[in-house]
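**Q** Would you mind keeping the following structure in view while I ask a few things?
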Amino acid sequence: MNDKMDFLQQNAPCYLYEKNLIKERCHTLLDAMPEVDFLYSVKTNPFAPVLKTVAEQGFGADVASANEVLLAQRAGIPYDKIYYSAPGKTLQDIQKAWGKCTIIADSLSELERLEQCAAAKNDRIAVGVRVNPDFSMSGTSAVPGKFGIDEEQLKTANLCFQHLKITGIHVHLCSQILEANMLCEYYRNCYLLAERVNELNGVEIQFINFGSGIGTVYDSATEKPLALEKVGQTLQVLRVKNNSSLQAKFILETGRFVVCNAGTYYTRIVDRKISCGKTYLVVQNAMNGFLRPAIAELLR
Ligand SMILES: Cc1ncc(COP(=O)(O)O)c(C=O)c1O
């Protein structure tokens, strides 16, 4: 405790992360869903020691930029566990990430760009496609989205390339689901989608990235934790089905579940004042260091 106080005296304002808590959260997921390969969504918190801790538990990386590919590499994550999925990848981004990860094409034009790139390098690579499916998280039909290729468009597109092979799909519709039935239904729908996409010419599904959705409790007074064992059982049933059909790798991405409770921001109170009877404590480096709650409060 004294060490911590000494550290804070010298370093605050700063964040402190609890390594053991991050490890515990990772293992909660790994234990509940042993048949799944987990990726950590690097954008959630790319701080190197956080990333390394998650990587050491066996997680791969879901990355949303070429620089995040490099961060994941530096954390020791091998290329076959890094998946780069983001809209608007430039040629420069693609070149930077080439050979260091699996690239997930976010549009039909990006597939063309990847093909040109592979042809120029005389390479042949496996890629994934992010799909905007014919279903939503709440069970309705397709909704417009800026991420991925509409399932309807995928059905009629040319997916046969000389230098690319489409070997997987990625879907992510919604974060922060605490309702297990909804998440299970979504996973079942994703699996059926993978079977449909597998029927298309030029595709041979080897991985299904179901995205995230795994929710975490922010307010225990109003929220109940997601029933992970139920989600795990559903994935187990899908796994059995998968064993006799696609034999694909199951991938889940997660960000907030593993890290959001592990960090605490420490800062100093530097002034105290009263305005119209209300007391304000002025802290050092408030909005710069902890932007989100500050904005949320300002918006109220
Ligand atoms: C594609 C994708 N995957 C994973 C995540 C991580 O979501 P969460 O932090 O809710 O697990 C996000 C969050 O926006 C995302 O956009």
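**Q** Step through the table entries Lys19/Lys89; Lys224/Lys278; Lys52/Lys96; Lys96/Lys241; Lys4/Lys273, compare each Cα-Cα distance with 31 Å, and write down the pairs that go over it. Before the final figure, lay out the partial values.
**A** Numbers: Lys19/Lys89 33 Å; Lys224/Lys278 34 Å; Lys52/Lys96 21 Å; Lys96/Lys241 38 Å; Lys4/Lys273 29 Å.
From Lys19/Lys89; Lys224/Lys278; Lys52/Lys96; Lys96/Lys241; Lys4/Lys273, over 31 Å: Lys19/Lys89; Lys224/Lys278; Lys96/Lys241.
**Q** Whole Å is fine, so just give me how far the alpha carbon centre of region 75-139 lies from that of region 186-243.
**A** A separation of 21 Å, based on Cα centres.
**Q** For Val283, enumerate residues with amide H under 5 Å from its amide H, sequence gap 5+ or separate chain, H modeled in the peptide plane.
**A** For Val283, whose amide H was placed from the backbone, the distant partners under 5 Å are Val270.
**Q** Same structure, new question: Subtract the Cα-Cα distance of Leu16 and Lys43 from 0.36 nm times their separation in residues, and report this length gain in nm to one decimal. Can you show the working numbers first?
**A** Values: separation 27, 0.36 × 27 = 9.72 nm, distance 1.82 nm.
Computed gain between Leu16 and Lys43 is 7.9 nm.
**Q** Could you please tell me the mean projected area of the C-alpha convex hull for the chain, averaged over all directions and given in square nanometres to one decimal?
**A** Average projection, Cα convex hull of the chain: 18.8 nm².
**Q** Here is a further query. Would you mind computing, in nm to one decimal, how far apart the modelled labels at Arg268 and Ala64 are, each placed 7 Å from Cα along Cα→Cβ?
**A** For the pair Arg268/Ala64, the computed spacing is 3.5 nm.
**Q** Still on this structure, I have one more. Figure the gain on full extension for Asp31 and Ser245 (residue separation times 0.36 nm, minus the Cα-Cα span) and round it to one decimal in nm.
**A** On the way: separation 214, 0.36 × 214 = 77.04 nm, distance 2.50 nm.
Result for the pair: 74.5 nm of gain on full extension.
**Q** Just tell me the longest site-free run in the chain, where the sites are GluC sites (Glu not before Pro) in a DSSP loop having at most 15 other beta-carbon atoms within 10 Å. Don't skip to the end; give the middle numbers.
**A** Values: sites that count: Glu18, Glu35, Glu179, Glu199, Glu223.
Formally, the longest exposed-site-free interval is 36-178.
**Q** So who's got an amide H within less than 5 Å of the one on Ala61, skipping anything under 5 residues away but keeping other chains? H placed 1.01 Å off N, in plane.
**A** The list, which skips near neighbours in sequence, is Tyr40, Ile82, Tyr83.
**Q** DSSP beta bridges in the chain, what fraction antiparallel, as a percent rounded to 5?
**A** Values: 10 of 41 bridges.
The antiparallel fraction comes to roughly 25 percent.
**Q** Let me ask something else. Please work out how much length the chain gains when fully extended from Lys165 to Ala126, using 0.36 nm per residue of separation minus the C-alpha to C-alpha distance, in nm with one decimal.
**A** Working: separation 39, 0.36 × 39 = 14.04 nm, distance 0.48 nm.
My answer for the length gained is 13.6 nm.
**Q** Run the simple label-point estimate for Glu56 and Glu24 please: 7 Å along Cα→C-beta, distance reported in nm.
**A** 1.7 nm
**Q** Return the FRET efficiency for the residue pair Asn288, Glu185: r is the Cβ-Cβ distance, R0 is 35 Å, and the value is rounded to the nearest 0.05.
**A** Details: r = 42 Å, r/R0 = 1.19.
Calculated transfer efficiency: 0.25.
**Q** Additional query: Relative to the longest principal axis of the chain, what angle (0 to 90°, nearest 10) does the C-alpha long axis of helix 2-11 take?
**A** 80 degrees
**Q** Which net charge results when you count Lys and Arg as +1 and Asp and Glu as -1 among the other residues whose beta-carbon is under 11 Å from that of Lys155? Display every interim value, and only then the final one.
**A** Details: positive: Arg196; negative: Asp134, Asp150, Glu151, Glu152, Glu199.
Local net charge: -4.
**Q** Still on this model: Using a 7 Å offset from Cα along Cα-Cβ at Ala142, what residues in region 195-218 end up with backbone N under 17 Å from the label point?
**A** It comes to 195-201, nothing else.
**Q** Which whole number of Å³ per residue matches the convex hull of the alpha-carbon atoms in region 96-208? Walk me through the numbers on the way to the answer.
**A** On the way: hull volume 12.4 nm³, N = 113.
Once divided by residue count, the hull of region 96-208 is 109 Å³.
**Q** Turning to a different aspect of this structure: Would you pull out the residues with amide H under 5 Å of Ala126's amide H, same chain only if 5 or more places away, H placed 1.01 Å from N?
**A** It is Lys165, by chain and number.
Bear in mind these aren't lab numbers, they're just calculated from the coordinates by the rules spelled out. The structure displayed is predicted, hence computed values, not measured ones. Heads up, the Cβs are rebuilt from the backbone with ideal geometry, glycines too, and the neighbour counts pull from every protein chain shown.
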